[in-house]
Structure formats: C-alpha cells, structure tokens
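The next block holds one structure in the form of structure tokens; read it before the comments.
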Amino acid sequence: MTRLFVNGMASISPQPENIFNTGLPETFNENILPALDQDYKSIIKPMTLRRMSQGVKMALFCSKRALLEAESDKPDAILVGTGQGCMQDTEKFMENMLVSEEGLLSPTSFIQSTHNTVAGQIALDLNCNGPNMTFTQNSVSFESALLDAMLQITDEDFNNILVGGVDETSKEITGFQKLDGQIKEEKINNLHLFRSKTTGTIISEAAAFFILGKHKTPKSYAEMLDVEIFNAIDISDLNSSVLSFLNRNGLTVSEIDAVILGKNGDLRFDLYYDKIQKGLFSDICQIGFKHLVGENNAVSSYAFWLASKILKEQTVPEIFKLNTINCTKPGFILIYNQYLGRNHGLTLLRSI
C-alpha cells in the first residue's frame with residue numbers, strides 16, 4: 001500500500017495553536033465554544049471574505065496555511081469531512097423564509113448552505129480541478145475523508161491530497177442540541193469537563209486541514225498508517241475491535257505509545273473510553289482534547305492534528321494528559337473517537 005505522510009497542516013479551534021508549546025489554555029464558562037478569531041485577511045481577499053460563513057473561512061484559511069507549509073501550490077484532490085455543513089447559511093435562509101412568509105427569496109444563502117460548499121469554495125480559490133469530495137458521516141466524516149485519501153493516493157498521478165474536517169456553530173440551530181441532551185444543561189468550565197457526572201457535553205466549532213503526500217519531506221510530521229470506522233460497536237466488543245485493528249497493522253497494545261481519546265464528559269457514553277482506559281490501555285499514556293476544544297462532528301480532525309504534532313515534537317504537553325504515565329519518544333499513536341455511542345473511528349499514526 002502507498003505510504004501517506006502528513007506534510008503540512010493547520011488548525012483553528014477554541015484554543016490557540018501554540019497551546020502545544022505554552023500549555024496555557026483559553027477557558028470558557030459556557031457550553032457552546034466559539035473558534036478563536038484569526039487574521040483571515042492575511043491570506044484571503046477581503047471582498048471574498050465578506051460572503052463567507054465561519055466554516056468556509058476556517059476551512060479555506062487552514063487549507064492555504066497547510067499548503068504553504070507543505071510548499072505546494074495546489075493539491076491533486078480535495079477531501080472534506082463535515083457533519084453539519086454550513087449551518088449559518090442554512091439558518092439565514094430559513095429565517096429569511098419566515099420573515100418573507102415564504103415569498104420570493106435570494107437563493108444565495110440556500111446555495112451556500114449545502115455541505116459541499118466548503119470543498120467547492122476551496123477548489124475555486126485554489127483553482128483546483130481535481131477530485132472534490134465531501135463526506136457527511138456524522139462524527140466519522142473526517143475519518144471517511146481519510147479513507148478516501150488512502151484510495152486516491154494510489155493513483156500514480158496524485159502526490160498531494162488536501163484532507164480536512166470542519167464544523168461551525170450557529171446562533172439558533174446549535175442550541176437545539178440541548179433538546180435531546182447533547183449539550184449539558186448546566187454551565188460548566190471547560191477545564192472541568194472530565195469531572196462532570198451529567199449527560200451532554202460542550203459543543204464547539206473548529207477546522208483542521210492537512211496535506212497528505214506519498215513522499216516524505218524534511219517538514220513531514222508523521223505517517224498515517226490506517227483508519228477504520230464502525231457504525232456501532234457493543235461495549236463488550238470494543239476490546240476485540242481495537243485489537244483486530246492493531247493486529248492487521250502488525251501491532252500489539254504494548255507497542256502503542258499513546259492513545260488519544262474523544263472523551264467528552266457525557267455520563268452516558270464515556271463508558272466506552274472508561275473501558276479501554278482501565279483495561280487495554282491502562283499502562284500507556286492517555287490523552288484527551290475535548291476539555292479544550294469541545295465536541296463537534298469533525299473534531300477528530302483536531303485529534304489528528306494533535307497526534308501529528310506530538311509525533312513531530314516527540315513530547316506530550318501536560319494540559320492534554322489524562323493520566324500520569326510519561327510518553328517519551330512516541331512511535332505509534334492510536335486515536336479513538338465516538339459520539340453518542342455511534343460512529344466509532346480508529347486512526348493510527350507513527351513517527352518518521
């Protein structure tokens with residue numbers, strides 16, 4: 001199988017990118033976390049920027065920064081994972097429809113509300129005519145994009161593929177997630193998320209994009225080895241599913257140096273993480289991230305960014321640790337994420 005290297009990357013989230021070096025997090029006492037504002041005008045034309053929703057801005061900004069880091073003009077393909085798409089434009093169109101009493105409306109917001117708007121806008125800006133795909137498989141949308149990248153890179157004409165995940169919040173629709181218990185009822189400090197013993201979590205917006213190439217470069221962060229997604233896993237079968245995934249990559253649990261877990265403080269579904277924290281991975285470094293960046297359908301792309309950064313820097317900042325086990329010179333990192341007990345994703349990376 002063709003090897004895949006992370007040759008450039010960028011992220012936007014409720015935390016600054018330099019949190020990896022400073023260990024100083026942003027704190028929030030609310031349950032819907034905004035992404036930190038960026039100097040978008042530095043690499044996106046102001047006139048173009050005015051018409052973009054938050055998700056499109058974040059995705060395009062990260063894409064261009066990742067390309068700059070990889071020293072690539074444009075990718076051979078664009079693959080984007082987004083669980084909820086451009087909610088702000090969806091909300092805008094629906095509000096206008098109500099105000100106009102279902103009269104004639106400008107179609108702009110409707111056109112820009114589709115999930116594939118993000119990938120389309122990136123392609124237009126980069127003048128990229130290669131394959132352009134959007135994956136909307138809820139919380140495994142990003143993993144689905146990674147799987148497609150593994151297939152696409154086997155094409156001998158493809159050297160670099162842009163892969164990313166993005167989800168945004170909106171003023172009204174995001175709040176609806178309180179109705180079915182996805183968002184916690186009580187206000188909570190994000191740094192205390194894992195102490196919570198209630199249902200729901202904290203929701204956020206974020207984006208992370210990567211240049212995946214078949215050739216290693218001096219700037220490469222890590223190598224992506226494998227990805228697997230499951231629609232459902234019974235908690236009693238979780239260990240065997242993880243072991244099977246490792247086995248097909250010729251690895252045992254003892255060879256994994258760190259595991260990044262999508263634990264999010266939801267009493268109902270953190271049981272999955274608790275099981276492997278206390279069992280399979282009790283003796284290795286455990287890493288969390290949702291107490292810092294919150295939960296959304298594309299947040300596993302942040303975990304991928306974090307794993308790549310750890311493998312490049314060969315260190316794990318204390319702010320991300322879930323236990324006290326040190327991780328010196330990490331070689332293999334496993335990412336495990338699920339949401340609401342469904343859509344489980346496993347991703348494996350190694351140092352280079």
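Laboratory data are not the source of any read-out in this text; all were calculated from the coordinates shown. What you see is a predicted model; the values in this text were computed from it and never measured. A quick note on method: Cβ atoms are made from the backbone with ideal geometry, for glycine too, and the neighbour counts reach across all protein chains shown.
Some points to look at:
- By DSSP, the beta bridges lying fully in the chain are antiparallel in about 60 percent of cases.
- Among E101, E156, E71, the largest mean-square fluctuation in a Gaussian network model of the chain, built with springs joining Cα atoms closer than 10 Å, belongs to E101.
- Multiplying the residue separation of S282 and S244 by 0.36 nm and removing their Cα-Cα distance gives an extension gain of 11.9 nm.
- Ratio Rg/Rh, restricted to the stretch 144-220 and using Cα atoms, in which Rh is the Kirkwood radius: 1.18
- About its Cα centre, the dipole of the chain is roughly 660 debye, where the only charges are +1 on Lys and Arg Cβ and -1 on Asp and Glu Cβ.
- Leading residue at positive end of dipole, the chain (Cβ point charges), from A208, S282, T347: S282
- Gain in span if fully extended, N189 to L104, counting 0.36 nm per residue against the direct Cα distance: 26.2 nm
- Kyte-Doolittle at least 0.0, axis length at least 15 Å by Cα - qualifying DSSP helices, the chain: 54-70, 141-152, 238-248, 300-313
- Lysines with Cα under 24 Å of K64, excluding same-chain neighbours fewer than 8 positions away: K41, K45, K74, K214, K216, K219, K309, K312
- In the stretch 225-289, trypsin sites (Lys or Arg not before Pro) in a DSSP loop with at most 16 other beta-carbon atoms within 10 Å: R268
- For the chain: relative contact order, % (alpha-carbon pairs under 8 angstrom, 6 or more apart): 25 percent
- Of G164, G279, G262, the residue with the greatest mean-square motion in the GNM of the chain, using alpha carbon springs below 10 Å, is G279.
- Full-extension gain in nm, T2 to I43, via 0.36 nm per residue minus C-alpha separation: 11.5 nm
- The stretch 93-159 and the stretch 39-92: distance between their alpha carbon centers, rounded to Å: 11 Å
- Top of K214, K197, K184 by mean-square fluctuation, Gaussian network on the chain, Cα under 10 Å: K197
- Over 25 Å [Cα-Cα, the chain], rounded percent: 50 percent
- When M150, M97, M58 are arranged by Cβ crowding within 10 Å, least crowded first, meaning fewest neighbours, the order is M97, M150, M58.
- For the stretch 167-285, diffusion coefficient by Stokes-Einstein and Kirkwood Rh (Cα), 10 °C, 1.306 mPa s, µm²/s: 91 µm²/s
- Residues D266, D237 in ascending order of nearby Cβ atoms (within 10 Å, fewest first): D237, D266.
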